Amino acid sequence: MKRLLLSVLVLIGISGSAFAQEKSSREIRGDKFFFTYTYDQAIDRYSRTKELTISGQRNLAQSYRIMGQNEEAEETYAALIKNGTGLIPEDYYDYAMVLKSSGKYSESDVQMSKFAAQKPNDLRAMSFNANKDQFNVLSKDNGNYKIRKMEINTSSQDFGASYYKDQVVYTSSNASPKMIKRRYNWNNEPFLNLYVADVEEGQLKNREFFDKKENGKMHDGPASFGKLGTFMAYTKNAEKDKTKDKIVELQIHTRTFENDKWSEPKAFGYNNPEYNVGHPDLTEDGRTMYFVSDMPGGFGGTDLYRSSMTVEGTWGKPENLGKEINTEGDEIFPFFDEHQNTLNFASNGHFGLGDYDLFSSEKMGNTWGKVNNLGAPLNTRFDDYALAVGEQENKGYFSSNRANGSGSDDIYGLDLLDKQTIEKKIQGVAMDVNLNPLPSTKVKLYNEVGEEINSAIAGTDGSYSFLVETNKNYRLTGNLKEYIEGEISASTFGSADVIIADLYLLQEDEEEVVVLEEHIVVNEDLGAFMKMKSIYFAFDKSDITPKAAKELDKMIKVLNQYPNMEIALTSYTDCRGTAGYNKALSQLRATSSADYIKARITNPNRISGKGFGENRLVNDCGCEGDAISACSEDEHQMNRRSEFIVTKK
């Protein structure tokens, strides 16, 4: 975005150590322009006012920020904060975002900390506190992506690429793509139009109007397509505005391609002249649409919604995607990747590197998984948004106003260089010894050399997950107040796409057995020394139960502590069933336990599993011949056990 260097005018507007108590006539005129979103005119009036009130100073700062004049916005916010009177929490937040966009991250964190202290339950504050330690990880280019600037970009704004058959449709104009209500004379620049381009050698070429007839006098675009390119939804301005504010809100319209032409636009049933509805994203069948709106009842500025088509062919009531996705800030440009079952979107409310960053979240039934910042090089200190991924899954497009572009906003192509790096997931649940979930546990993920590479806050059900590279070893730790740190190792070797790594945290008054080298004795059961509870199995089953997993995790920790130690894991059954069947069942249980451990330790060959069936019962619960044992279920369960015999120190 172009910046107008108005520092002299800014100094005039912020002179003095205190703000005016009453509004001047010029400030009042500035307010009228500000509240009708004519920010360039508002800046002109405010900056020529000798003494602004604090609300006028705030409006001036916001006008500079919206117009992309960060240097002027930074100076104005600095004066506002320095004055110290009449401040609201949003002043700290807005100042922090301006500083971040200028690359002043440490200073931005100071202001965000002040904001978080005043509004600790704000979703933006919670995201900042949970993820601020990940800045160095997010800002480091992980080498996963190759980014290409599209040669078709112009000096105006080009953004919002969408797949259309074997072509790409995008939006071009000098107007901002953000969900901001625009007056007719907002900045005296052209409105948005839809264009279509061919894809040749990784570039967009041969640009032309998508539909000259439909491109109107106001905004048209961005667009999305379903049903093999025969159904489209797109953003456009309401053609007739009868509201008192004379602000033309954004709306969604749909069209169908039939008889070799596009039908007349049909208004989305939930358009409303009182608020914005836009940025549609259609699923492949055209029956579900994700979109953006600032309708009442949301979490903040603009939220993401979803609407599904009924059997009658009408759109159902919009569903807000909830606080897992939306914040008190702005969430924009949704794109649901059906092949990965993942929602991509841009947000300035979740913790990021710039104003708008790109994020993703996996759809998990009717809820959404952890929101992940996609990191560098996709995200920068600038605005990065409108990510769309093609059916090939390793190619896509996004938009950005980053430095060295052709215009204020440009389209970039991306290639996923190593698809394997995001193919696997480590997920688990943080629990106490009684298997109760521990929400808010801080879970950290470490790589093979002990570097922290990611972190997460466990959800209300104690769950967490990380997207990780394949063929690597990882370590996870869990920390929660009044609990001893939990630890578990995980490996992404093998064919499993999802690796389960649950964390068990002991309360501070619970005993944790420390295994020293002298405690490791060859041919002895290390599990007995560690006071491990028996690895019990349900009758006739070989599945690892949650209680069994908790005990096996203790052995995993010791095996990773002593990388040369080798263990023979032995498994036993009770007497019920034939001897042959019990031998086979015990082997399954031994293999299941050993495999659980192998997936979480270095050098997995250090542990082997062998089943002994009903041999070596630990009590008198035998079943000789046709005799039926009179033992209780608890007594039988004592024989369904595992032992950990040290074979090498």
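Semi-axes of the equivalent ellipsoid for the range 517-648, computed as √(5λ) from the eigenvalues of its C-alpha gyration tensor and ordered from largest down, come to 27, 14, 13 Å.
Say each of residue 285 and residue 528 gets a label point 7 Å from the Cα, pointing the same way as Cα to Cβ; how far apart are those two points in nm? The modelled label-to-label distance comes out at 6.0 nm.
Sorted ascending by nearby beta carbons within 10 Å, beginning with the fewest, 614, 51, 633 become 633, 51, 614.
Return one number: the angle in degrees, 0 to 90 and rounded to the nearest 10, between the long axis of the Cα atoms of helix 89-101 and the longest principal axis of the Cα atoms of the chain. Computed tilt is about 90 degrees.
Residues 76, 254, 314, ranked from the fewest to the most other C-beta atoms within 10 Å, line up as 314, 254, 76. Here the extension length gained between residue 206 and residue 472 equals 91.3 nm, from 0.36 nm per residue of separation less the Cα-Cα distance. Extension gain, residue 22 to residue 581, is 192.2 nm, computed as 0.36 nm per intervening residue step minus the present C-alpha separation. In this calculation the C-beta distance from residue 395 to residue 272 is compared with R0 = 30 Å, giving a FRET efficiency of 0.25.
In sequence order, the range 224-229 has phi-based couplings of 9, 10, x, 6, 6, x Hz under the Karplus curve 6.51 cos²θ - 1.76 cosθ + 1.60, θ = phi - 60°, and Gly or Pro positions carry x. Using R0 = 56 Å, the C-beta based FRET efficiency linking residue 166 and residue 518 works out to 0.20.
Relative to the compact-globule estimate of 2.2 N^0.38 Å, the Cα radius of gyration of the range 424-504 comes out at 1.02. Taking one quarter of the surface of the convex hull spanned by the alpha-carbon atoms of the range 153-418 gives a direction-averaged projected area of 14.2 nm². Checked against a 27 Å cut-off, the cross-linked pairs 82/140; 140/424; 425/649; 50/100; 442/554; 213/363 give Cα-Cα distances beyond that limit for 82/140; 425/649; 50/100; 213/363.
Against the empirical curve 2.2 N^0.38 Å, the C-alpha radius of gyration of the range 52-184 lands at a ratio of 1.31.
Exposure proxy ranking for 342, 647, 327, based on other Cβ atoms within 10 angstrom of each Cβ and starting from the fewest, stands as 647, 342, 327.
In a fully extended conformation the segment linking residue 452 and residue 262 would gain 63.1 nm over its present Cα-Cα distance, using 0.36 nm per residue. With R₀ set to 35 Å, the beta-carbon distance separating residue 139 from residue 308 gives a calculated FRET efficiency near 0.40. Averaging the sequence gap over all C-alpha pairs within less than 8 Å and six or more residues apart, then dividing by the number of residues, gives the chain a relative contact order of 9 percent. Annotation: aspartates and glutamates with alpha-carbon distance below 17 angstrom to residue 323 (same-chain offsets under eight excluded): 122, 294, 303, 331, 362, 461.
Bear in mind these aren't lab numbers, they're just calculated from the coordinates by the rules spelled out. Everything quoted here is computed from the prediction, not taken from an experiment. Methodologically, a virtual Cβ is constructed for each residue, glycine included, from the backbone with ideal geometry; neighbour enumeration extends over all protein chains shown.
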